[in-house]
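Comments concern the structure below.
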Amino acid sequence: MDSTELLSAISLIYLASWFAYVISSTTRSLWMGRVASLIMWAGWAGNGAGFFLRWMESHQMGHGRIPLTNQYESMVLFAWATASVYLLLELRYRNRIIGAFVAFIPFLSLGLGSLLFDTTIRPLVPALQSNWLTAHVITCFLGYAAFAASFGVSLLYMVRQRLDPEGRMAKVLPSEDLLDHLNYRAIATGFPFLSLGIITGAIWADVAWGTYWSWDPKETWSLITWLIYAAFLHARLSRGWRGKRAAVLSVIGFAATLFTYFGVNFLLSGLHSYA
Amino acid sequence: MHPRKTETQSLWGRLASLRLTLALFLILAGASILGTLIPQNRPFQEYLEMYGSVATRIFKWVGLTDVYHSLWFMGILGLLVVHLVACSLQRLPATWKSLRTPQRPLSDGLLKSLPVVKRFELEAGVEEVVEALRGSAPRFFSRFKQEKIGETLHLLSQGGRWSRMGAYVAHMGVLGVLVGATIGFAFGFKGFVQIPEGKSVELVEERGSGKMVPLGFQVKCERFHVSSYPDGTPREYRSDLVFMKDGRRELEGALRVNHPISFGGYQFYQASYGISARVTFEAQKDSAGPPLKIIMEPGDTSAIDPQGQIVVRFLRYETDLQGRGPAVLLAHLRQDGHPVAGWVFQRDGKATIGGWSLKISHVEEHRWTGIQVKRDPGVWIVWVGCGLIMVGCAMAFLGVHRRIWIKLEPGKDGTHCWIAASSNRDIEGTKRQVEMLAEEFVKKGVRKSRG
């Protein structure tokens, strides 16, 4: 089995874990919740194995390089990073209901990546032959993954708000305060990573092209995303924006993240044509 | 007070308001979006075709065809700088003062203002509780300062004060990036030069203005190499360069993508490459007499008749156009004054211009390397600024300024106990810490009833 086949299979495992999270949170079955976590961990391990297998395969082909260089590979990484961030949240806050709102993201990322994009392992073009590649891509995607988690948490917050506070569901869900806090924590984690991703990208651009900032669409959209989350942090820390307003800003921020990640590549043209 | 002073104060206050922060973020984001939706810095003709003449004229006038260098965009960035300075100057003294003020014992007034307060009763006396805690967790206990007011014992602790400075550090960093970028914009140089293999240059074309700027030394490209992987993906672009001053070879180096070379205050970057040619044409009228030989390179203009009346311009060279071999794009003025351009192929191609027939008799190809040249005196300030942003973020997001107050007041048969806390962020974590602390007290001091 090669890494591409393994990773396609893993996307189905993520799907299974999402189903299990949804079932466990609607039926309040602890047993089902444990199964969901177990499947998620299996998916996470398989996702990582696929990543390293692909790395090894590239070495066997004689032009070894870390698999972070095209749309497909970035989606494998995005799935893995989102699963990692989610599992950390679950370990720390001992709550599986968030899984129902986050676990579909690694499934979609890995599934769509395998279906829609070229999975061939190609060697590195000269522009990508740089040590900054690893630092830039990994920091960006840790940021994206944290924003994905904040998006899932904000969705859950909005759902919770619409529920009858005395109802059965509302009692199982994490409190509004905790969700609001998690939203903030995820963004406060993602923001420094996005900043680091933009800075490492600027350093790399300066080394490769002699300009650290050229208002390329990808750069510009990463700045727009950065501005939205900066607005979130300022509004919250200095003005106490919480709850619904924070959740809405977080959803807008994630929409900008997705546009930076996908929209720019397919709708706008620029220098950043790898992924 | 003079009305004038209050006016400036309110302007100053407005310049430092959070509303302005959010407005600036929104405007910058909006302008940036516009700049990615409307293609930037394209030829006028392209805008006319896309948007029509009215919209194009409006776009040009507002500066939407070059948003990021327009006056209004720079104005917003300037306002951001003023805003950052105003915010720091206005808030720093208060933050500094509050960091320097020692923590006061818990008073009734303070108790009301604190976000986390827990009150409970213990059966043990004050001394017993303190001894038990000191015995079981000496390191934790040593973080608290003790203060006795009458019979009541106050335990005070605070940590992570430095995290309050994180925001100021990060904002200094943003300021550094903007200042560094401005210095680069005002005093830096960006240019591009094509060097044919085996040739040297000392003039570089400035980007934007098109001015030819002397470097003060010569750069020679001895060879240009391209290598590929077996599947055809390019592997390496490399120019073997020699930097010469007053005829002396000062530096030799291989210029590759991601491996710039510095010389004489400039940085050089491998940017592109191409193939050009020295083409020999033969011009003849009515197949009579010996043909006239003309040698041209791309960009050259030359007459093809002895009288110098028929002038052609060599626009472009293609090494293999449409699979039909080498071809040259030539332009000339028709008799009615209209310019016309057309491809002439070396293989069985002939152009007829003004009664003269023109054909390519010889092609001598050479490769050229395209090199980006820059000088940026502000770039190090940008990197220092980026470093400060990251250090500031780490301070602000990893550290928590947290203060804990414990008040132990002797009661009739036991101790009245308060634990209160405040923090600049992470109230959830602080709450949890207070809960844990209270549990520890109850374990050691035996809880009687909830207050």
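The table below lists the values:
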read-out: Order of A:17, A:37 - criterion: other Cβ atoms within 10 Å of each residue's Cβ, fewest first; value: A:37, A:17
read-out: Whole-Hz couplings from phi, Karplus 6.51/-1.76/1.60, listed for region B:271-282; x for Gly and Pro; value: 10, 7, 7, x, 10, 10, 8, 9, 10, 9, 9, 10
read-out: Theoretical FRET efficiency, 1/(1+(r/R0)^6), r = Cβ-Cβ of residue B:316 and residue B:41, R0 30 Å, to 0.05; value: 0.85
read-out: Degrees, to the nearest 10: B:3-15 long Cα axis against longest axis of chain B; value: 70
read-out: Cβ neighbours within 10 Å from other chains - mean over B:356-369; value: 0
read-out: Exposure rule at most 16 other beta-carbon atoms within 10 Å, DSSP loop trypsin sites (Lys or Arg not before Pro): chain A longest free segment; value: A:95-241
read-out: Distant-in-sequence amide H partners of residue B:366 (H built 1.01 Å from N, under 5 Å); value: B:276, B:277, B:278
read-out: Under-5 Å amide H pairs with residue B:207, H placed in peptide plane, nonlocal only; value: B:190, B:191, B:192
read-out: Cα centre as origin, Lys/Arg/Asp/Glu Cβ charges: chain B dipole, Debye; value: 1940
read-out: Those trypsin sites (Lys or Arg not before Pro) in region B:286-336 that DSSP places in a loop and that have at most 16 other beta carbons within 10 Å; value: B:324, B:334
read-out: Debye intensity ratio in log₁₀ form over the Cα atoms of chain B, taken at each q of 0.10 Å⁻¹; value: -0.98
read-out: Cubic angstrom per residue, convex hull over Cα atoms of region B:335-451; value: 348
read-out: Inter-chain shielding of B:20-26 (mean C-beta neighbours from other protein chains, 10 Å cut-off); value: 4
read-out: For residue B:293, net neighbour charge (Lys/Arg +1, Asp/Glu -1) across residues whose Cβ lies under 15 Å away; value: -2
read-out: Burial ordering of B:444, B:245, fewest other beta-carbon atoms within 10 Å first; value: B:245, B:444
read-out: Expected 222 nm ellipticity per residue - DSSP helices of 4 or more, -39500 (n - 2.57), all of the protein assembly as shown, to 500; value: -17500 deg cm²/dmol
read-out: HN-Hα J in Hz across region A:21-36 - Karplus 6.51, -1.76, 1.60, θ = phi - 60°, x for Gly and Pro; value: 5, 5, 4, 5, 7, 7, 9, 6, 8, 5, 4, 5, x, 5, 4, 4
read-out: Around residue A:49: net Lys/Arg minus Asp/Glu count, Cβ-Cβ under 14 Å; value: -2
read-out: HN-Hα J in Hz across region A:178-190 - Karplus 6.51, -1.76, 1.60, θ = phi - 60°, x for Gly and Pro; value: 5, 4, 4, 5, 5, 4, 4, 4, 5, 6, 5, 7, x
read-out: P(r) weight above 17 Å for region B:224-333, C-alpha pairs, percent; value: 70
read-out: On Cα atoms only, tilt of A:104-116 relative to the major axis of chain A in degrees; value: 30
read-out: Fewest-first ranking of A:44, B:162, using other Cβ atoms within 10 Å as the exposure measure; value: B:162, A:44
read-out: Under-5 Å amide H pairs with residue B:316, H placed in peptide plane, nonlocal only; value: B:329
read-out: 0 to 90° range, to nearest 10: angle between helix B:71-100 axis and chain B longest Cα axis; value: 20
read-out: When the convex hull of its Cα atoms is projected in every direction, mean area for region B:3-98 (nm²); value: 8.4
read-out: Neighbour cut-off at most 10 other Cβ (10 Å), DSSP loop, GluC sites (Glu not before Pro), region B:231-300; value: none
read-out: Environment charge of residue B:160, counting only residues whose C-beta is closer than 11 Å and scoring Lys/Arg +1, Asp/Glu -1; value: +4
read-out: Evaluated at q = 0.17, 0.22 Å⁻¹: base-10 log I(q)/I(0), Debye formula over Cα of region B:276-366; value: -0.66, -1.12
read-out: Contour excess over end-to-end distance, with Cα ends at residue B:96 and residue B:413 and 0.36 nm allotted per residue; value: 109.8 nm
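Throughout, read-outs are computed from the coordinates displayed, never taken from laboratory work. None of these values were measured; they are calculated from a predicted model. Counting neighbours? That spans all protein chains shown, and the Cβs are built from the backbone with ideal geometry, glycine included.
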